[in-house]
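Asks: Dropping a structure here in structure tokens format, bear with me for questions.
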Ligand code: FE2
């Protein structure tokens, strides 16, 4: 198993372009009593919002709540294109070729399959997708939980989607001046079997020193309470990091806990959003998603973007080989 430390030097990457950012204010914001909803691109014809800038009010809301909802960030067509590509990848994937499904050393091979996925496109199944004979209970298309974690670098469709000027501009406005795209995930949240993701902070899984990172969560379908939308504790990002998920010296992974007090889950609020919305997540924001017991899927695409001026610890579970350094926009 490779455990290369990512060494990132400013200006040393290839293929990084920083096109001129146009700043025009064509946005309208609505502040609800719970969180800010930014209506920036009311035209669904536009693929991404080409002329947006975040206002001071929106940046202040992000700092206050730890998240920001931006509606109509992605056109319905672009959402559908991404869905079609993900479904194509799953169709082409042959689960029987993966050692994770062998009967021997199940845990170790599962760990390796996961731990080596930082610079690959790998497929992960719902926990209860297999029967006692390690066979899928239903079709692979209906069993897949997510694809990760380097779609944005290895697949041309996801690469194009992830490296738009609009995303770059947004990330810069959120304070990441020289962004690098670290991780991507396509999450299926399947009808009826889509599993729960318990309350966590993304910085538990992706940590930098100092902590300078942003999470982008694109709703490719309407996300509702019924189909397992995100829930978050507004302002919970101000309470500090509770734990880190790190590589263990003996192999595998472990949690390093700094604060084992329970989350104030009574303060969770649902972030129901329409297809095409973007939810920006602070790395310390406590959030979760519940099981999808409905008959509707809840597809989403996520990106995590870091700042190369911060140290990326070798203990982070997510690592890349030296042959595939991180790239910017
Ligand atoms: Fe998360």
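Every number in this text was worked out from the coordinates using simple rules, so none of it is lab data. Small disclaimer: the values here were computed from a predicted structure and weren't measured. Here the Cβ is made from the backbone with ideal geometry for all residues, glycine too, and neighbour counts use every protein chain on show.
Asks: Please work out the Cα convex hull volume for segment 232-323 and give it in Å³ per residue.
Replies: Here the figure is 190 Å³ per residue.
Asks: Could you work out how far the C-alpha centroid of segment 211-277 sits from that of segment 113-190, in angstrom?
Replies: 16
Asks: Another one. Expressed as a rounded percentage, what relative contact order does segment 177-258 have, with Cα pairs under 8 Å and six or more residues apart?
Replies: 26 percent.
Asks: Right, another one. Do you know the relative contact order of segment 122-212, to the nearest whole percent, from alpha carbon pairs under 8 angstrom that are 6+ apart?
Replies: About 30 percent, as a whole number.
Asks: Please compute the Kirkwood hydrodynamic radius of segment 175-329 from all pairs of different C-alpha atoms, in Å with one decimal.
Replies: 16.5
Asks: Which three semi-axes in whole Å describe the equivalent ellipsoid of segment 28-306, each the square root of 5 times a Cα gyration tensor eigenvalue, listed largest first?
Replies: 29, 22, 18
Asks: For a protection proxy built on the mean count of beta-carbon atoms within 10 angstrom, sort 303-309, 128-134, 155-161 highest first, please.
Replies: Top to bottom by mean Cβ count within 10 Å: 303-309, 155-161, 128-134.
Asks: For 182, 154, what's the fewest-to-most ordering of other Cβ within 10 Å of each Cβ?
Replies: Listing 182, 154 from fewest to most nearby Cβ atoms yields 154, 182.
Asks: Could you tell me the relative contact order of segment 28-306? Use alpha-carbon pairs under 8 Å, at least six residues apart, and round to a whole percent.
Replies: With pairs under 8 Å counted, the relative contact order is 25 percent.
Asks: How big is the antiparallel share of DSSP beta bridges in segment 28-306, given as a percent to the nearest 5?
Replies: Looking only at bridges with both residues in segment 28-306, the antiparallel portion is about 95 percent.
Asks: How far is it, in nm, from the label point at residue 238 to the one at residue 256 when both lie 7 Å from their Cα along the line to the Cβ?
Replies: The answer from the label model is 2.7 nm.
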